[in-house]
Amino acid sequence: MKVQRREWCRQKNLIPLIAAGQLRSEITEPFIYGTYLELWWRCLKCSKEFTQSCRTGIFTSKSAYTTYCMFGAVEDMTFQDWWMSKGHEYFSESITTLQVTLFVKRKNIDAFEITVDAFQDVSSQLAGKEFGFWLDQICLLNAREGLLSEAPLSWPIFRSRISYDAISQLLSIMEIHDQIIRNAPRTKLWQIGEQLRLNPQAMPKFGDFPIDIADKHKAMGQTVSSYLRKGRGLIDNACRGMFPKFKA
């Protein structure tokens, strides 16, 4: 089941702009934050492979090049700047007057249940067109692994078993780790883990014996290493056109 209860288009003045295909980047920009699209962009921002490919124009696969065509180079941009200059051109197509509040794949039957909200002043022609659009996106999502990269325009309604908060935490740890290592290359993983309090049970306490502290340092280092491994897998896959996915 994937549920979307975000308020899209509650401002009535958006409806005529959507109907006329005249949505501008500054109008759509407030809708992009806190979404899986933002996380996908952050993955690409963290990816050294993606950055290098953008610089050289050499991509490791067709799907990696497709990702570049959608996002462009993100190396020197904020998320807001990217949306204004590039992102809205493609991704704002999926900001619609219809709000998909629920869709679920029915068990034991090859069918979907889809629930949408529509405003009274949305024409039946526009509502029908948008419903067809969402139906296509939902079919794409459920045809294979259910990755956002398989139906990029479904980002406003996308939900994954890998939660937004879990991915955001991993990316934050990756970003902090890379920044610390750049400035202080000899920093230990357990030191980073203690700063972020990633494993409360591995935090040293007053009165701990040296052997206890050593064990806690080891446990904290393993915790950080696990987070970094998952984060790198997520970032590498995103660069190669698979998001959100941890493993190869």
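Calculated FRET efficiency, ASN142 and LYS188, Cβ-Cβ r, R0 41 Å, to nearest 0.05?
So, using R0 = 41 Å, E works out to roughly 0.40.
Assuming 0.36 nm per residue, please report the length gained on full extension of the stretch SER226 to ASP178 beyond their Cα-Cα distance.
Numbers: separation 48, 0.36 × 48 = 17.28 nm, distance 1.51 nm.
15.8 nm is the gain from fully extending SER226 to ASP178.
What's the local net charge at PHE131, with K and R +1, D and E -1, over the other residues with C-beta under 14 Å away?
Result for the neighbourhood of PHE131: -3.
In straight Cα distance, which lysines are under 21 Å from LYS129, not counting same-chain residues fewer than 8 positions off?
LYS12
Which of the peptides 231-240, 88-97 is most tightly packed, and how do the rest follow, going by the mean number of other Cβ atoms within 10 Å of each residue? Spell out each step's value before the answer.
Values: 231-240: 22.2, 88-97: 19.0.
Output ranking for 231-240, 88-97: 231-240, 88-97.
Which pairs in the list LYS107/LYS247; LYS48/LYS245; LYS188/LYS247 are over 23 Å apart, alpha-carbon to alpha-carbon?
LYS107/LYS247; LYS188/LYS247
Students often forget the sequence filter, so: which lysines lie under 20 Å Cα-Cα from LYS105 once same-chain residues fewer than 8 apart are removed?
Straight-distance partners of LYS105: LYS2.
Have a look at ASN108, ASN199, ASN183 and tell me which one the Gaussian network model of the chain (Cα, springs below 10 Å) gives the largest fluctuation.
With Cα springs under 10 Å in the chain, the top fluctuation among ASN108, ASN199, ASN183 is at ASN108.
What FRET efficiency comes out for SER163 versus THR56 if R0 is 30 angstrom and r is the Cβ-Cβ distance? Round to the nearest 0.05.
0.30
Modelling each spin label as a point 7 Å along the Cα-to-Cβ direction, I'd like the ARG24/LYS205 distance in nm, to one decimal.
So the label points at ARG24 and LYS205 sit 6.0 nm apart.
Given Cα pairs under 8 Å that are at least 6 residues apart, what percent is the relative contact order of the stretch 164-239? Show your work: numbers first, answer last.
Working: 50 pairs, mean separation 30.3, N = 76.
Result for the stretch 164-239 is 40 percent.
Please tell me the relative contact order of the chain in percent, rounded to the nearest whole number, where contacts are Cα pairs under 8 Å and at least six residues apart. Could the numbers behind the result be given before it?
Working: 278 pairs, mean separation 62.5, N = 248.
Computed value for the chain: 25 percent relative contact order.
Top mean-square fluctuation among TRP40, TRP190, TRP83, Gaussian network model of the chain, C-alpha springs under 10 Å?
Checking each option, the largest mean-square fluctuation is seen for TRP190.
Which FRET efficiency value, to the nearest 0.05, is calculated for PHE131 and ASP110 with the Förster distance at 22 angstrom and r the Cβ-Cβ distance?
Numbers: r = 19 Å, r/R0 = 0.87.
For PHE131 and ASP110, the calculated efficiency is 0.70.
In whole angstrom, note down how far apart the Cα centers of the stretch 99-156 and the stretch 18-44 are.
18
The numbers here are math on the coordinates, done by the rules we state, and not lab data. These numbers come from a predicted model, not from an experiment. Note that each Cβ is placed from the backbone with ideal geometry, even for glycine, and that neighbours are counted across all protein chains shown.
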